[in-house]
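Notes follow the structure.
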Amino acid sequence: MLSRRPKSVAPPGVYHRDMELQGLRIAITGGTSGLGLALVRELHDRGAHVAFVARTREHVERVAREHPGAYGIVGDVSKKDDIYPIALQITGRLGGLDVLVNNASSLGPTPLALLGDTECEDVELALATNLLGPFRLTKALLGALGASAREGRGAVVLNVSSDAAINAYPGWGAYGASKAALHHLSRVWDEELAAREFADAITAVLPISDAVVAEA
């Protein structure tokens with residue numbers, strides 16, 4: 001039985017209502033529910049060019065109908081073979097990329113189990129979705145993000161994390177471990193990208209309440 005839920009932790013300075021978003025090319029994974037859908041709506045309404053990714057075709061088509069001009073892409077970031085088709089559709093439809101939001105997430109089966117009762121396959125799924133998915137997609141899009149940075153458009157990668165990456169919560173073992181790995185991966189990538197020619201393409205971590213990060 002889950003006894004505690006990770007809290008919301010939103011670092012200052014990551015997002016402001018008065019930020020200029022008009023014309024920015026933004027891709028969001030997990031974009032048909034929860035936080036991802038809220039981002040699609042907000043960014044689209046504020047003039048950004050938005051492409052969103054989710055696994056279920058019906059959901060993608062519905063959100064695309066509700067937001068004319070937003071580009072829906074059907075794909076599963078946990079599957080290696082889906083990554084390059086997703087990346088090609090993002091850059092093809094947006095004409096490049098300025099911001100990548102790695103939001104797609106998997107909590108695993110519910111009710112959440114203690115680690116000793118968690119199946120190995122459930123840990124593998126959490127890692128595939130929450131760690132390998134963002135890693136592979138970011139890697140596939142580094143060229144586009146680098147071009148954006150060199151054009152002075154300020155390329156950014158936001159990896160949606162959780163305070164479960166830092167604090168131990170019973171029942172959140174597979175999810176928390178995968179988000180902890182993503183948190184550290186982001187910090188390493190931030191250091192590495194700062195030393196490269198497109199130094200503005202910085203990877204950031206955005207911890208957010210898991211109550212609003214729904215699977216898409």
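Count, please, the residues in the stretch 111-130 that happen to be within 13 Å of residue 179 (Cβ to Cβ) and surrounded by fewer than 22 Cβ atoms within 10 Å (Cβ to Cβ).
Matching residues across the stretch 111-130 total 2.
Considering every residue within the stretch 97-110, establish whether at least one is surrounded by fewer than 21 Cβ atoms within 10 Å (Cβ to Cβ), more than 15 Å from the chain's Cα centre (by Cα) and on the phi < 0 side of the Ramachandran plot.
Yes, that holds for at least one residue.
Restrict the check to the stretch 110-123 and report whether at least one residue is in contact with a Phe, Trp or Tyr (Cβ under 9 Å, 6 or more places away or on another chain) and without any contact (Cβ under 8 Å) to a residue 40 or more places away in the chain.
no
Pick out the one residue from 147, 140, 168 that is outside any strand (DSSP E or B) and over 30 Å from residue 23 (Cα atoms).
168
Against the definition (touching a residue at least 24 places away in the same chain (Cβ under 8 Å), of a type outside the set (Gly, Ala, Ser) and surrounded by fewer than 18 Cβ atoms within 10 Å (Cβ to Cβ)), how does residue 150 come out, yes or no?
Working: touching a residue at least 24 places away in the same chain (Cβ under 8 Å): yes; of a type outside the set (Gly, Ala, Ser): yes; surrounded by fewer than 18 Cβ atoms within 10 Å (Cβ to Cβ): yes.
Taking the combined requirement at face value, the residue satisfies it.
Can you find a residue in the stretch 171-179 that is modelled with pLDDT of 90 or more, of a type in the set (S, T, N, Q) and outside any loop (DSSP other than H, G, I, E, B)?
Checked the stretch 171-179: at least one residue is modelled with pLDDT of 90 or more, of a type in the set (S, T, N, Q) and outside any loop (DSSP other than H, G, I, E, B).
The values are calculated or read from the model by the stated rules, or taken from the named source; none is laboratory data. Since this is a predicted model, take the numbers as computed values, not measurements. We place every Cβ from the backbone using ideal geometry, glycine too, and count neighbours over all the protein chains shown.
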